[in-house]
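What follows draws every value from the coordinates through simple rules; no lab data is involved. Keep in mind that what you see is a predicted model, and the values were worked out from it rather than measured. With ideal geometry, Cβ positions are generated from the backbone for all residues, glycine too; neighbour counts draw on all protein chains shown.
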Amino acid sequence: MLGEYSITGRGASAIAADIERAVGAGALGPGALLPPLRELARELAVNPNTVAAAYRLLRDRGVIETAGRRGSRVRERPAVAPRAAIRIEVPAGTRDLSTGNPDLALLPPLADALAAAAAHHAIAPGLYGSTAVDPDLADLARAALDADGVPAGPIGLASGSLDAIERVLTAHLRPGDAVAVEDPGWGSVLDLVPAMGLRAVPVAVDDEGPRTAGVERALSAGVRALLVTDRGQNPTGAALSAPRAAELRALLAAHPHVLVVDDDHLHGMVDLPLHCLSGATDHWALIRSTAKAYGPDLRLAVFTGDEVTVARVRGRHRLGAGWVSHLLQRAVVHLWEQHAVDPVRTARSYAVRRDALIGALDARGIAAHGRCGLNVWAPVADETGAVAGLLQRGWAVAPGARFRLDSSPGIRITVSPLGPADIEPLADAVAEVLHSPGASRFG
């Protein structure tokens, strides 16, 4: 059952920690069946309730899952082995298109913004008891939200989109609750949900966002929350269209108790209009990150939502981290006031690369997707073979396993490092790999 590994520990915490260490180290792999409660209790000479408590801790941490009479198993993607670990070694000289990073040439320099923040700090330093959200930042953020038709709501801050998503989910959900997630979708979210002890319910995605039928099934199955990427979905580049948003809002109207989280992480670098689901239910949040438009290390995300949700997140944040650095807040204020990023120019730069690659792949009989954002998603029949084949030809791409639950295999290609001269050679390499003897064209 466990091969050569023997579980140790006397208390529930010790047993759970031992199993978690084994999973993290690879001694217990995905799908490994754990001993039945009473059997392990006999081996360890402890009460079965102790083992039950240990397994419960592991379920809440997203390490194992329990399927009734089929027993408890290590999850296929345990929280202690994140999807980021599904990576390839990129040899020297290989073009790395796997990271999902923005184009450095399109990021604004931060020297002036940080200097402005330091100058403001000298006059009005952030101290204990200060207002958590800088008033200027709140006004600028609210004005941008109003311009995009986002419902009125207070402003909160977090250290990036994922931090905000976790805090919003924690404000309303408990371990065991089901959450509808995009599939394929952002790998960090697919890791976060089980790590919080929540159950991910996959919803298929097309170019216009989550498919209506999939969301309807998830709602009927009793999900407590729905996570949606409004624009530039990772990895597919989907963007929620007006018709799709209208369909989903109509569905959600019959489920007012469901928490809706809109992730608008590409705000500031897209030219597609925002179509969000915020306000369709009683509790909601819309999150905007500075990472993609202004730099990944600028760890600040703005969010708004209904009064209860924002108040809960703010209150819990105050008891932990306390606030997001006012120096970062003032740097963002400077960047926004100086219009340091031109969204139309930036969006166009990425669109030229995406469209050129998608067109070149289409000319070679390969379907690919990328309506918005930094990435192109190409379905494949053999994901491992495609990644390995491209690596042999000098191109590193991200394996789709990082982003999938039940959806078909694919590869994600980040277009940020590409120049005009790269498109045809890259498309040729993809075609060679996917059309090689024994390989199917599509997944």
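Which three lengths, in whole Å and largest first, does the range 12-74 cover when its Cα atoms are put on their principal axes?
27, 25, 20
State, in angstrom, two size descriptors of the range 293-439 derived from its alpha carbons: Rg to one decimal place and Dmax to the nearest whole number.
Calculated on Cα positions, Rg and Dmax stand at 20.3, 59 Å.
For the chain, the longest stretch holding no GluC sites (Glu not before Pro) located in a DSSP loop with at most 15 other Cβ atoms within 10 Å is which?
90-443
For N375, list long-range residues whose amide hydrogen, built 1.01 Å from N in the peptide plane, is under 5 Å from its own amide hydrogen.
The answer is V415.
Expressed as a whole number of Å, what is the distance separating the alpha-carbon centroids of the range 242-303 and the range 325-352?
19
Given points 7 Å out from each Cα along the Cα-Cβ axis, report the A17 to V90 separation in nanometres with one decimal.
3.7
Assign unit charges at the C-beta atoms only (+1 for Lys and Arg, -1 for Asp and Glu), then state the dipole size of the chain relative to its Cα centre in Debye, rounded to the nearest 20.
The calculation lands at about 1320 debye.
Quick check for me: using +1 on Lys/Arg Cβ and -1 on Asp/Glu Cβ, what's the dipole size of the range 6-163 about its Cα centre, in debye to the nearest 20? Before the final figure, lay out the partial values.
Working: 16 positive and 17 negative charges, 272 e Å.
Result for the range 6-163 is approximately 1300 debye, rounded to the nearest 20.
How much net charge surrounds H257 when only other residues with a Cβ under 15 Å from its Cβ are counted (Lys, Arg +1; Asp, Glu -1)? List each step's numbers first, then the result.
On the way: positive: R174, R224; negative: D177, D282, D306.
Combined, the nearby Lys, Arg, Asp and Glu give -1.
Measuring from label point to label point, each 7 Å out along Cα→Cβ, what is the E307 to A25 span in nm?
Here the modelled spin labels are 5.3 nm apart.
With helices defined as uninterrupted DSSP H runs, which ones in the chain have an alpha carbon span along their own long axis of at least 27 Å and mean Kyte-Doolittle hydropathy of at least -1.0?
343-363
Taking 0.36 nm per residue of separation and subtracting the Cα-Cα distance, what length does fully extending R217 through E337 add?
Numbers: separation 120, 0.36 × 120 = 43.20 nm, distance 4.38 nm.
Length difference between fully extended and current span is 38.8 nm.
Only residues of the range 311-342 count here: report those whose backbone N is under 16 Å from the spot 7 Å along Cα→Cβ of L114, or say none.
325-335
Which residue, S289, S278, S325, tops the fluctuation ranking in a GNM of the chain built on C-alpha contacts under 10 Å?
Top of the fluctuation ranking is S325.
Normalise the Debye intensity by I(0) for the range 111-337, one equal point scatterer per Cα, no solvent, then take log10 at q = 0.11 Å⁻¹ and round to two decimals.
With no solvent term, the Cα-only Debye profile gives -0.52.
Taking Rh as the Kirkwood radius computed over C-alpha pairs, what is the Stokes-Einstein D of the chain at 4 °C in a medium of viscosity 1.567 mPa s, expressed in µm² per second?
Taking Rh from Cα pairs, D becomes 55 µm²/s.
In whole Å and largest first, what semi-axes does the C-alpha gyration tensor of the range 133-240 yield when each eigenvalue is scaled by 5 and square-rooted?
In descending order, the three semi-axes are 25, 18, 13 Å.
Rounded to the nearest 0.05, what FRET efficiency do N101 and R10 give with R0 = 51 Å and r taken as the Cβ-Cβ distance? Could you check?
Here the calculated transfer efficiency is 0.65.
Anyone know which of A401, A141, A17 comes out most mobile in the 10 Å Cα GNM of the chain?
Taking springs between Cα atoms under 10 Å, the residue moving most is A17.
Would you calculate, for the chain, the mean residue ellipticity at 222 nm contributed by helices, counting each DSSP H stretch of 4 or more residues as -39,500 (n - 2.57) and dividing by all residues, to the nearest 500?
Result for the chain: -12000 deg cm²/dmol, rounded to the nearest 500.
For the range 111-337, what is the charge dipole size about the Cα centre, in debye to the nearest 20, if Lys and Arg each add +1 at the Cβ and Asp and Glu each add -1 at the Cβ?
Charge dipole of the range 111-337: 700 debye, to the nearest 20.
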